[in-house]
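Everything on this sheet refers to the single structure shown next.
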Amino acid sequence: MKTILHTVATAPTAAQPLLEGAQKSLGFIPNLFAALADSPAALEAYLKLSDLLGQSDLDATEQQIVAIAASRENNCTYCVAAHTTIAQMGNLDPATITALRDGTPLPEQKHEALRTFTISVLHQRGNVTPDELEAFLAAGYSQKHVLSVILGVSMKTLSNYSNHLLNPPLDAAFQPNSWTK
């Protein structure tokens, strides 16, 4: 299948303002957004989920931990590269970024609990063991954080699976952080 990458001019009418907003806020339209624009509902869902994750009880660093951990586990080369770039722009500790990309324990114990819990939620489709849940809560998280992790995993599942099936090319902005498992 040849992936369709829309511009504002070629996108379905309902997707045009969404792409215009991305262009305005990011300075370019990421190829993932250009591909998702073929289904305005899918693009809107991704953007809304991303916005809602930004409003969650996870801070910016924790949001990127969830995004990179889930993307790595789903083997999404595009999203790992994109979220690495976002994490760098947010001044996330380079050792944490490297560990996330490599799938190794994070330097900070609380962040490692978040990474581990995210992976458990993803692999077990939400059916984490009571011990896994208790370990996450003992690290200083609460029920609201559990729900925020589920939100982040949901967002990344949408984009990771879309990237697998549509395979948009990696944007120049993300190229320095290209990644393979």
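Values for this structure:
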read-out: Selection count where residues are more than 17 Å from Gln109 (Cβ to Cβ) and assigned to a loop (DSSP other than H, G, I, E, B), scope the stretch 125-144; value: 5
read-out: Complete set of residues in the stretch 117-128 that are surrounded by fewer than 18 Cβ atoms within 10 Å (Cβ to Cβ), closer than 16 Å to Lys156 by Cβ and without any contact (Cβ under 8 Å) to a residue 24 or more places away in the chain; value: Gln124, Arg125
read-out: Enumeration of residues in the stretch 138-157 that are hydrophobic (A, V, I, L, M, F, W, C), more than 14 Å from Arg115 (Cα to Cα) and either buried (at least 16 other Cβ atoms within 10 Å of the Cβ) or touching an Asp or Glu at 6+ places or on another chain (Cβ under 6 Å) (or both); value: Leu151, Met155
read-out: Hey, Ala135 without any contact (Cβ under 8 Å) to a residue 24 or more places away in the chain, small (Gly, Ala, Ser) and surrounded by fewer than 18 Cβ atoms within 10 Å (Cβ to Cβ) or not; value: yes
read-out: Checklist (1) under 19 Å from Thr116 (Cα atoms); (2) part of a helix (DSSP H, G or I); (3) of a type in the set (S, T, N, Q) applied to Gln88, failing item; value: (1)
read-out: Selected residue (only one of Ala60, Ala82 is in contact (Cβ under 8 Å) with a residue 24 or more places away in the chain and surrounded by fewer than 17 Cβ atoms within 10 Å (Cβ to Cβ)); value: Ala60
read-out: Thr98 being at negative phi, in a loop (DSSP other than H, G, I, E, B) and either over 13 Å from the mean Cα position of the chain (by Cα) or exposed (fewer than 14 other Cβ atoms within 10 Å of the Cβ) (or both); value: no
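Readers should treat all values here as calculations from the given coordinates under stated rules, not as data from a laboratory. All figures in this text were calculated on a predicted structure; none of them were measured in a lab. Cβ: placed from backbone, ideal geometry, glycine included. Neighbour counts: every protein chain shown.
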